[in-house]
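See structure below.
The values are calculated or read from the model by the stated rules, or taken from the named source; none is laboratory data. Everything numeric in this text was worked out from a predicted model, so none of it was measured. Positions of Cβ are generated from backbone atoms using ideal geometry, with glycine treated the same way; all protein chains shown enter the neighbour counts. Please note that ligands, DNA and RNA were not included when accessible areas were found on the heavy atoms of the full protein model with its side chains. Shrake-Rupley method; radii C 1.70, N 1.55, O 1.52, S 1.80 Å.
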Amino acid sequence: MNILARQIETFMDIEDKLSFLCNCSALIKESLKDTNWAGFYLYQKGQLHLGPFQGKVACILIDPGKGVCGTSFEKKMLLNIKNVHLFEGHIACDAASNSEIVIPLIYGGRCFGVLDIDSEKYERFTDEDELTLQEVADIIAKKLAQ
Ligand code: SME
């Protein structure tokens, strides 16, 4: 297991899910250099709602299928967007963001929302980051399923 995933594992005994996600967003943001936003959109009543995050004020509601987050959620697919300006329908929360990675939070066939991370750098997220963050997202989804 990668270091970040192992650190997230140590949060598993945090009882409250909101507190758990708050610390996850802080740790993820702090661990990945050149990131300007890291946080969650959680699926409730047909929409993705802004969850715990680190970074600038962000949009509160995203419809499934909209933006990078809604697309990742709808397709149940990790999306590593090297240049967000080339992604049709990208929702610009922080104008400084140039690349973004979104990972759906899936456990037991259920998708609880997405983990979203932005960077001011183009092509910030590598293939290795994809593997690392997939592992992280799997642990987080497991907690949300409890
Ligand atoms: N850029 C995202 C919206 C969320 S912010 O990046 C925090 C999107 O296109 O879905």
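Taken together, the criteria exclude GLY70 from residues that are out of contact with any Cys (no Cβ under 9 Å at 6 or more places or on another chain) and open to solvent by 10 Å² or more (accessible area, probe 1.4 Å). Within segment 116-144, residues that are touching a residue at least 12 places away in the same chain (Cβ under 8 Å) reach partners that are crowded, with 20+ Cβ neighbours inside 10 Å and charged (D, E, K, R) with beta carbons closer than 6 Å, at six or more positions or on different chains, in the pairs ASP118/GLU100.
Scanning segment 1-28 for residues that are closer than 16 Å to LEU50 by Cα and not aromatic (Phe, Trp, Tyr) gives LYS17, LEU18, SER19, LEU21, CYS22, ASN23, CYS24, SER25, ALA26. Of a type outside the set (Val, Ile, Thr), closer than 27 Å to MET12 by Cβ, over 11 Å from the mean Cα position of the chain (by Cα) and within 11 Å of the ligand (Cβ to nearest atom) - does that describe any residue in segment 58-74? Yes, some residue in segment 58-74 is of a type outside the set (Val, Ile, Thr), closer than 27 Å to MET12 by Cβ, over 11 Å from the mean Cα position of the chain (by Cα) and within 11 Å of the ligand (Cβ to nearest atom). Of all residues in segment 25-49, those being closer than 24 Å to TYR122 by Cα and not polar (S, T, N, Q) number 13. When the residues of segment 98-123 are narrowed to those that are in a loop (DSSP other than H, G, I, E, B) and not hydroxyl-bearing (Ser, Thr, Tyr), which ends up least open to solvent (accessible area, probe 1.4 Å)? Ranking the candidates gives ASN98 first.
Condition (residue is in a helix (DSSP H, G or I) and within 11 Å of the chain's Cα centre (by Cα)) applied to segment 27-41: is it met by at least one residue?
Yes, segment 27-41 contains a residue that is in a helix (DSSP H, G or I) and within 11 Å of the chain's Cα centre (by Cα).
Of all the listed residues (ALA38, ALA26), the sole one being among the aliphatic types (A, V, I, L, M), touching a residue at least 12 places away in the same chain (Cβ under 8 Å), surrounded by 15 or more Cβ atoms within 10 Å (Cβ to Cβ) and touching a helix residue (DSSP H, G or I) at 6+ places or on another chain (Cβ under 6 Å) is ALA38.
Within segment 76-97, if we keep just the residues that are under 15 Å from THR126 (Cβ atoms) and within 11 Å of the ligand (Cβ to nearest atom), the residue that is surrounded by the fewest Cβ atoms within 10 Å (Cβ to Cβ) turns out to be LEU79.
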